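Accompanying notes for the structure given below.
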Amino acid sequence: MKKTDFKQTECAARLASVEDAMYVLGGKWKLRIITALVTGHYRFNELQRVITGISARVLSAELKSLELNGLVKREVKADRTPAVVEYLPTEYGMTVKEVVSVLGNWGLTHKQRITGKYATPVIKKVS
């Protein structure tokens, strides 16, 4: 096998992996929802408030999709009055936390170039 064959094979494998990840995490809202969930926002209305611009209908559909893909677990606490519904990241969903952190840090680092504005908050590396 030639060295270039290996590089092409490795590149094709990485592209396939990125495609798989984008299938599950792609779209305008999924990474934003996961970011909110891993930072402690669990209730529907709380998620809708913290994720600017998302409608209730879209949030509901995206949460169902994330639940179907095993990233989010819907938990109904019927022992409370009224019943409380929370959306919690699963163990599998928490594996995205580092990716979201790195992506967020990249966005902060390059905010001026991307938007023409300076970044204000500083996100520390997730442990």
Within the range 37-65, which residues are touching a helix residue (DSSP H, G or I) at 6+ places or on another chain (Cβ under 7 Å) and over 20 Å from residue 97 (Cα atoms)?
54, 56
Is one or more of the residues making up the range 99-106 at pLDDT 95 or above and surrounded by 12 or more Cβ atoms within 10 Å (Cβ to Cβ)?
no
Pick out, from the range 22-107, the helices (runs of 4 or more DSSP H) lying fully within it that include 2 or more residues that are under 12 Å from the mean Cα position of the chain (by Cα) and among the basic types (Lys, Arg).
30-38
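Table: residues versus (1) assigned by TED's automatic domain parsing to the domain that holds residue 32; (2) surrounded by 11 or more Cβ atoms within 10 Å (Cβ to Cβ); (3) within 23 Å of residue 22 (Cβ to Cβ); (4) modelled with pLDDT of 90 or more.
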residue: 46; (1), (2), (3), (4): yes, yes, no, yes
residue: 51; (1), (2), (3), (4): yes, yes, yes, yes
residue: 54; (1), (2), (3), (4): yes, yes, yes, yes
residue: 61; (1), (2), (3), (4): yes, yes, yes, yes
residue: 116; (1), (2), (3), (4): no, no, no, no
residue: 119; (1), (2), (3), (4): no, yes, no, no
residue: 122; (1), (2), (3), (4): no, no, no, no
Just need a number here: residues in the range 76-91 that are loosely packed, with under 13 Cβ neighbours inside 10 Å and either at pLDDT below 95 or closer than 12 Å to residue 25 by Cβ (or both).
8
Which residue pairs have Cβ atoms closer than 8 Å, lie 6 or more positions apart in sequence or on different chains, and pair a first residue in the range 64-91 that is without any contact (Cβ under 8 Å) to a residue 60 or more places away in the chain with a second residue that is among the polar types (S, T, N, Q) and exposed (fewer than 12 other Cβ atoms within 10 Å of the Cβ)?
none
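The values are calculated or read from the model by the stated rules, or taken from the named source; none is laboratory data. Just so it is clear, the structure is predicted and the values come from calculations on it, not from any experiment. Cβ atoms come from the backbone with ideal geometry, glycine included; neighbour counts cover every protein chain shown.
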